[in-house]
Amino acid sequence: MSKPILKVNHLNKDFQVKSKNKLFSKPSSIRVLNNVSFELFEGETLSIVGESGCGKTTLGRCIVRGMDATSGQVIYHPEGEEQVDFLGLRGKEFKKYRKDIQMIFQDPFSSLSPRMSVYDIISEPLLANFKLTKSELDDKVTLIAEKTGLNVSYLKRYPHAFSGGQRQRIAIARSLISEPRLIVCDEAVSALDVSIKAQIINLLKDLQEQLQITYIFISHDLSIVQNISDRVAVMHLGKIVELALVDSLFDHPKHPYTEALLSAVPEPDPNNKKDRIILEGEVPNPANPPSGCHFHPRCMYKTDKCIQQEPELQAIDEYHFAACHYANKLNLRGVTHES
């Protein structure tokens with residue numbers, strides 16, 4: 001492993017929600033991120049996966065300060081400088097490092113201003129962070145447009161003139177123009193057609209190799225995650241329940257929730273059929289989480305210990321961690337299992 005570029009320490013995020021039934025009631029607090037901690041290594045792609053509502057998008061937005069975390073730290077290691085708590089930076093110090101950590105949003109239709117030309121959209125981060133001449137600005141925009149596969153002659157057009165895949169290339173170009181070291185990709189290909197998805201994934205991988213970028217890749221599509229990731233973190237109800245190298249997690253999952261998610265991954269061989277694990281019951285309400293292990297109401301392996309005692313994220317080996325009391329005992333099914 002290379003050196004860490006980012007370290008998330010005990011990150012929490014609470015939302016205040018008012019009761020729909022009581023007009024003058026005080027808002028209650030719902031914990032959407034619960035003590036999330038992990039390291040991100042320079043040049044890698046760490047994917048964050050889980051069901052809708054598990055907190056993965058909230059995690060990404062808290063890291064880039066798109067929303068304020070309730071507590072915790074995001075320790076950033078600038079190149080050749082002392083580490084800083086990115087969440088604690090203010091004013092000029094925040095502006096100094098803001099360009100290093102960027103985000104690509106899920107929807108290429110709503111994340112681009114319809115009133116700005118492609119040139120203005122891509123150049124905006126440069127205008128906000130640097131003092132450049134018009135010639136320097138033109139050169140940088142042209143270069144990044146070429147790297148992301150955009151036709152330079154179309155830079156004066158507006159977003160409505162482009163397809164979904166082209167718009168996502170514009171969003172990628174905008175995130176890259178300030179030469180960031182880390183990009184959070186929030187469901188960056190989920191709104192695209194299958195053939196376009198493959199193009200954008202290949203583009204992201206090529207750019208990572210050329211520019212030495214580190215990715216946090218948020219997705220619910222495990223087939224894409226398997227293709228692009230170095231490591232994978234599985235989230236359930238605001239917590240990381242498993243974290244491992246991609247091959248280790250897909251071949252030998254250690255948490256029953258991961259096993260259920262992997263059972264939905266399509267088999268490349270149509271003759272090798274497998275039974276999908278259907279989780280019974282409803283997804284737990286984060287406003288009223290279950291006792292003990294939060295996954296126990298839907299877990300086929302649960303015991304009384306799971307109901308009473310919450311498991312900690314523990315090391316299975318050097319790079320594999322799981323929050324399950326029986327992680328070392330269960331023989332769970334990965335995507336390579338043949339029935």
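The values are calculated or read from the model by the stated rules, or taken from the named source; none is laboratory data. No experiment lies behind these values; they were computed from the predicted model shown. Backbone-built Cβ (ideal geometry, glycine too); neighbour counts: all protein chains shown. Just the protein is used for accessible areas: all its heavy atoms, side chains included, with ligands, DNA and RNA removed. Shrake-Rupley method; radii C 1.70, N 1.55, O 1.52, S 1.80 Å.
Could you work out the percent of alpha carbon pairs in region 149-216 separated by over 14 Å, rounded to a whole number? Can you show the working numbers first?
Values: 1364 of 2278 pairs.
Cα-Cα pairs in region 149-216 separated by more than 14 Å: 60 percent.
Stretch LYS95-GLU136 to full length: gain in nm at 0.36 nm per residue minus the Cα-Cα span? Intermediate results must be reported in sequence, preceding the final value.
Values: separation 41, 0.36 × 41 = 14.76 nm, distance 2.08 nm.
Between LYS95 and GLU136, full extension yields 12.7 nm more.
Using the crude model of +1 on Lys and Arg Cβ and -1 on Asp and Glu Cβ, and no other charge, please compute the dipole size for region 17-132 relative to its Cα centre, in debye to 20.
Dipole size: approximately 940 debye.
Please work out the average accessible area per residue across the chain, using the 1.4 Å probe convention, and give it in Å².
51
Mind ranking PHE162, PHE105 by accessible surface for me, highest first, 1.4 Å probe?
Numbers: PHE162 20, PHE105 75 Å².
From most exposed to least exposed: PHE105, PHE162.
Could you work out the Kirkwood radius for region 113-202, taking every pair of different alpha carbons, averaging 1/r and inverting it, reported in Å?
With all distinct Cα pairs of region 113-202 included, I get 13.6 Å.
Kirkwood Rh over alpha-carbon pairs of region 1-137, then Stokes-Einstein at 37 °C and 0.692 mPa s: what D in µm² s⁻¹, rounded to an integer?
Values: Rh = 17.7 Å.
It comes out at roughly 185 µm²/s.
Return the lysines within reach of LYS156: Cα separation strictly under 21 angstrom, same-chain partners fewer than 8 residues apart disregarded; answer none if there are no such residues.
LYS134, LYS140, LYS147
Against the 2.2 N^0.38 Å scaling, with N counting residues, where does the chain land? I'd like the Cα-based Rg ratio to two decimal places.
Here the answer is 1.06, to two decimals.
Express in whole angstrom the spacing between the alpha-carbon centres of region 138-196 and region 198-255.
Rounded to whole Å, the Cα centres lie 21 Å apart.
For LEU127 and ASP85, what does the FRET efficiency come to when R0 = 35 Å and r is the distance between their Cβ atoms, rounded to the nearest 0.05?
For LEU127 and ASP85, the calculated efficiency is 0.80.
Over 27 Å between C-alpha atoms is what I'm after, so list which of LYS3/LYS96; LYS18/LYS99; LYS239/LYS302; LYS13/LYS131 land there.
The answer is LYS18/LYS99; LYS13/LYS131.
On a 1.4 Å probe surface of the protein chains, which of LYS305, LYS239, LYS26 comes out largest in accessible area, and what is the full order?
Ranked from most to least accessible, the order is LYS26, LYS305, LYS239.
At 0.36 nm per residue, minus the direct Cα-Cα distance, what do TYR158 and LEU143 gain on full extension? Give it in nm, one decimal, please.
Gain on extension, TYR158 to LEU143, equals 3.5 nm.
Using a 1.4 Å probe over the heavy atoms of the protein chains, calculate the carbon and sulfur portion of the accessible area of the chain as a whole percent.
Carbon-and-sulfur percentage of accessible area, whole number: 48.
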